[in-house]
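A.B. asks: Take a look at this one; I'll ask things after.
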């Protein structure tokens, strides 16, 4: 099998293309790393309530949680759906 001859010009071009691909790969890896950090930063800001202006008329989360707990306490216990009998009930049967 005979391989085609590569001239000096095309050989240099091959090195340039390979270097360019390597540079693109590095840039992509860097961009991916920056995006991961950006995601973490956005999540942190969201949990701190820094992404949008806060409405002073909104009730605090503690008040909302108290209302949810009170509403759950008023519900009858048997309304919760489970997977059937508990392990203790199966053993006793």
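A.B. asks: All but one of (1) assigned to a helix (DSSP H, G or I); (2) exposed (fewer than 10 other Cβ atoms within 10 Å of the Cβ); (3) under 23 Å from the mean Cα position of the chain (by Cα) hold for residue 52; state the number of the condition that does not hold.
C.D. replies: Every listed condition holds for residue 52 apart from (1).
One line per residue, one yes/no per condition, for (1) under 19 Å from the mean Cα position of the chain (by Cα); (2) modelled with pLDDT under 80; (3) surrounded by 10 or more Cβ atoms within 10 Å (Cβ to Cβ):
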site	(1), (2), (3)
22	no, yes, yes
44	yes, no, yes
48	yes, no, no
62	no, no, no
67	no, no, yes
73	no, no, no
76	no, no, no
83	no, yes, no
86	no, yes, yes
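The values are calculated or read from the model by the stated rules, or taken from the named source; none is laboratory data. Predicted model, so just to flag it, every value in this text is computed and none were measured. Because the Cβ atoms are built from the backbone with ideal geometry, glycine has one as well, and the counts that use them run over all protein chains shown.
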